[in-house]
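Below is one structure, written out as structure tokens; comments come after it.
Rule-based calculations on the coordinates, nothing more; no lab input. In this text the structure is predicted, and so the values were computed from the model without any measurement. Here Cβ is always computed from backbone atoms with ideal geometry, including for glycine, and neighbour counts include all displayed protein chains.
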């Protein structure tokens, strides 16, 4: 293994559990301004002294400003490190970090505060080698988990040489280190229903039941689910809301569905399967969230070959179905690599965790990749 990679990763891995405990200790559900500001303050304290820090407007309204840190060097290449501070866990369900055997369990630990800690460690390590880069930027956003529109910062960093995102890490089936080079496109479908309310006891047939119509729409979406065959579409109804009282035919309601596919076209085609009317209830379907796919395999293959050489073991490109901000940047920055964070599991669940023993080795992977990029 390259001596610098080995030494710097050992330092990052030694500090990472304490830094992760500090960051996970802050509850930061997406949209909570105070929580995001506290997380940004923790990150600012961990950044290298050489970094200049600014807060820039978030892509989503009513969110805390995103954090950008810059370190300038005397080299030739510019690299963006990317992550997010928000989680999907409400304050009432937040769990601070605790150890359970080989796991560090806590809300947002793998998605993606563990990756944020490693990205800051990488920035500290590189700040001591300013001759290797022209500019190193770290972008930590506050709305990745719930953003419905596009990320606002692509133009700002679109001419960088590489984008490295620190979502949770991966392994191949053979146990080799994996980084994400391919992601599915993601879309959120919203179906709104407009029927007619009526007393469910004295005049049920005068109503037009929005809940039943939304159930039919959900079945129509679920019928398109076919992850095994191209374009590998997953179509999953996730949230339905309808009705205000137990004795009233619901006159309105809404349904959300999460869809993933190789390309956005396949997701947009699901809209056509949703009927315009069911049982006298009008249905309106729209795609309120469009995240592009990521296809970086060819562009990053030489980088992964050099990273494997620096690491002394293979670094493999893998695919993942989950969405990430890396997908937005990949359309502009061909060398975009994701999944550079630690390994863990149960993201978005109460038992979310990071493998403690993965922090050092995944720091090695991240440093080998950024070294190969530079």
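At 10 °C and 1.306 mPa s, what whole-number value in µm²/s does Stokes-Einstein give for the translational diffusion of the chain, with Rh from the Kirkwood sum over Cα pairs? All intermediate terms of the calculation are to be shown ahead of the outcome.
Values: Rh = 21.8 Å.
So the translational diffusion coefficient is about 73 µm²/s.
Can you bin the stretch 99-163 into rounded, prolate or oblate? Criterion: square roots of the alpha carbon gyration tensor eigenvalues sorted a ≥ b ≥ c, rounded for a/c under 1.5, prolate for a/b above b/c, oblate for the rest.
On the way: a/c = 3.91, a/b = 1.22, b/c = 3.21.
It comes out oblate by the Cα gyration axes.
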- Taking Cα atoms, the helix 114-127 axis meets the longest principal axis of the chain at an angle in degrees (rounded to 10) of 30
- When a/c is below 1.5 the answer is rounded, else prolate if a/b is larger than b/c, else oblate, so apply that to the stretch 307-373 with a ≥ b ≥ c taken from the square roots of the Cα gyration tensor eigenvalues. oblate
- Query: Helix 210-222: angle to the longest alpha-carbon principal axis of the chain, degrees 0 to 90, nearest 10?
  - Reply: 50
- Task: Write down the radius of gyration of the stretch 32-82 and its Dmax, each obtained from C-alpha positions, in Å.
- Result: 12.7, 38
- What is the distance in Å between the Cα centres of the stretch 119-198 and the stretch 40-89? 13
- Item | For the chain, calculated [θ]222 nm from helices alone, where every DSSP H run of n ≥ 4 adds -39500 (n - 2.57) | -9000 deg cm²/dmol
- Taking one equal scatterer on every alpha-carbon of the stretch 76-217, how large is log10 of I(q)/I(0) by Debye at q = 0.09, 0.11, 0.13 1/Å? -0.50, -0.66, -0.81
- Item | Rounded tilt (10° steps) of 297-311 against the dominant C-alpha axis of the chain | 40
- Query: Dividing the alpha-carbon Rg of the stretch 267-350 by 2.2 N^0.38 Å yields what?
  - Reply: 1.63
- Query: How long are the three semi-axes of the equivalent ellipsoid of the stretch 44-151, in whole Å, if each is the root of 5 times an eigenvalue of the C-alpha gyration tensor, listed from largest down?
  - Reply: 27, 19, 10
- Item | Range of Cα positions in the stretch 256-308 per principal axis (Å), largest first | 62, 15, 12
- With Rh as the Kirkwood radius over Cα pairs, the stretch 159-199 has Rg/Rh of 1.37
- Message: Show log10 I(q)/I(0) for the stretch 185-290 at q = 0.15, 0.19, 0.21, 0.23 Å⁻¹, two decimals, from a solvent-free Debye sum over equal Cα scatterers.
- Response: -0.59, -0.82, -0.95, -1.07
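Give me 109, 269 sorted ascending by neighbouring Cβ count inside 10 Å, so fewest comes first.
Details: 109 31, 269 14.
So the residues, fewest neighbours to most, are 269, 109.
Regarding the stretch 144-213, what is the average projected area of its C-alpha convex hull, in nm²? Could the numbers behind the result be given before it?
Details: hull surface 38.8 nm².
With every direction weighted equally, the projected area is 9.7 nm².
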